[in-house]
Amino acid sequence: MPIFAAGELVTVSIKAEPLFTIGPFTFTNSMVGALLASALLLLMGWYFTRRSTLVPSRLQSLLEFPIEWMAGIVETSGGRMWRGFVTLVLTFFLMILVANWIGLLPGVGTVGEVHHAEGGAELVPFVRPASADLNFTLGLALIAFVAFVSWGIRINGVRGYLSEFLGEPRYMAPLMAPIHVISELSRLISLSMRLFGNVFAGEVLLATMLALVPLAVPTVFIGLELIFGFVQALVFALLAMTYITLAIAEHAHPDEDSSPHVAQPAPAETHPSAPEAA
């Protein structure tokens, strides 16, 4: 996406730019952002395993806060089997949050190699936010898709999971089955496109502000992008949790009695008759 500023052309590509190629494998600048986010999370994990104490320090408390806060949300809203997928939801949240915030560091998206072409010079940054690449967001959405489908099959069985696509009554199956299939696939599309669209729009906004106005004004937008990056990570993680919870709760277990239980009145107690008053 080209942006004209002060006689120069600032380009924000909608796809990740390749940096180098090793055989059939092309290494892009968004992969650098994803690797940096992974390395930072691994460093945090190393800190917790080596330096954590029973009485946490300020840094440890700061790092533990988002994990405990997100785990509390999953415990409250994830149903009775929340422990089975809380790690996946936390991984989604932390990975997307760190990947989004890395895109706001100085030099990310602005430091790179200048390529000269017929239309003029074009800057190819060395690092781009990983979430601004549709391949990254689609990969996360595929993991979430496989997770909630596998949970639905694990809890309800293959037959029970597929029976949801047929709907009730059964003679409506030719109409309901395509609708349910499209509904399942729409979750995959919405997860990937929502995250990609919001992060890419933020990248274009920051590039435009940095090119058109002094540094003081883009600082305000950087603060807003911090909030938006957090919100997008939270939305993706909570949607993944919701889809898994729905897949678990779509069918009642066969051994469970679905009929309402009616409380039976307790038998009346017999008391010896009181002597009649004289």
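The values are calculated or read from the model by the stated rules, or taken from the named source; none is laboratory data. Please read these numbers as outputs of a predicted model, since none were measured by experiment. Please note: Cβ atoms are built from the backbone with ideal geometry, for glycine as well, and neighbour counts cover all protein chains shown. To get the accessible areas, we keep the full protein, side chains included, count just its heavy atoms, and leave off ligands, DNA and RNA. Shrake-Rupley method; radii C 1.70, N 1.55, O 1.52, S 1.80 Å.
If you scan segment 187-202, which residues turn out to be within 16 Å of VAL149 (Cβ to Cβ) and either open to solvent by 50 Å² or more (accessible area, probe 1.4 Å) or touching a Cys at 6+ places or on another chain (Cβ under 6 Å) (or both)?
The one that is within 16 Å of VAL149 (Cβ to Cβ) and either open to solvent by 50 Å² or more (accessible area, probe 1.4 Å) or touching a Cys at 6+ places or on another chain (Cβ under 6 Å) (or both): ILE189.
Being more than 27 Å from SER183 (Cβ to Cβ) and open to solvent by 50 Å² or more (accessible area, probe 1.4 Å) narrows it down to one residue among ARG80, ARG154, ARG58, ARG128; which is it?
Step by step, each of ARG80, ARG154, ARG58, ARG128 is checked, and only ARG58 is more than 27 Å from SER183 (Cβ to Cβ) and open to solvent by 50 Å² or more (accessible area, probe 1.4 Å).
Working carefully through the options PHE236, PHE228, find the one that is open to solvent by 100 Å² or more (accessible area, probe 1.4 Å), within 30 Å of ILE102 (Cβ to Cβ), assigned to a helix (DSSP H, G or I) and modelled with pLDDT of 80 or more.
Of the residues listed, the single one that is open to solvent by 100 Å² or more (accessible area, probe 1.4 Å), within 30 Å of ILE102 (Cβ to Cβ), assigned to a helix (DSSP H, G or I) and modelled with pLDDT of 80 or more is PHE228.
Could you please let me know if LEU62 is farther than 25 Å from ILE143 by Cβ, free of Cβ contacts under 8 Å to residues at least 12 places away in the same chain, of a type in the set (A, V, I, L, M) and part of a helix (DSSP H, G or I)?
For LEU62, the condition - farther than 25 Å from ILE143 by Cβ, free of Cβ contacts under 8 Å to residues at least 12 places away in the same chain, of a type in the set (A, V, I, L, M) and part of a helix (DSSP H, G or I) - is met.
Among (1) in contact (Cβ under 8 Å) with a residue 60 or more places away in the chain; (2) within 18 Å of ILE14 (Cα to Cα); (3) among the small types (Gly, Ala, Ser); (4) part of a helix (DSSP H, G or I), where does GLY109 come up short?
With respect to (1) in contact (Cβ under 8 Å) with a residue 60 or more places away in the chain; (2) within 18 Å of ILE14 (Cα to Cα); (3) among the small types (Gly, Ala, Ser); (4) part of a helix (DSSP H, G or I), GLY109 is out only on (4).
Take the conditions outside any loop (DSSP other than H, G, I, E, B), closer than 30 Å to PHE230 by Cα and in contact with a Lys or Arg (Cβ under 9 Å, 6 or more places away or on another chain) and apply them to ALA147. Does it pass?
no
Take segment 68-77 and flag every residue that is free of Cβ contacts under 8 Å to residues at least 60 places away in the same chain and either assigned to a loop (DSSP other than H, G, I, E, B) or surrounded by 13 or more Cβ atoms within 10 Å (Cβ to Cβ) (or both).
Result: ALA71, single match.
What tally of residues in segment 157-176 results from selecting those that are open to solvent by less than 80 Å² (accessible area, probe 1.4 Å), closer than 19 Å to ALA249 by Cα and part of a helix (DSSP H, G or I)?
7
Anything in segment 46-55 that is of a type in the set (S, T, N, Q) and open to solvent by 60 Å² or more (accessible area, probe 1.4 Å)? List them, or say none.
Hits for segment 46-55 are THR49, THR53.
Exactly one condition in (1) farther than 30 Å from ILE248 by Cα; (2) under 19 Å from the mean Cα position of the chain (by Cα); (3) open to solvent by 80 Å² or more (accessible area, probe 1.4 Å); (4) of a type in the set (A, V, I, L, M, F, W, C) is false for PHE65; which is it?
With (1) farther than 30 Å from ILE248 by Cα; (2) under 19 Å from the mean Cα position of the chain (by Cα); (3) open to solvent by 80 Å² or more (accessible area, probe 1.4 Å); (4) of a type in the set (A, V, I, L, M, F, W, C) applied to PHE65, the lone miss is (1).
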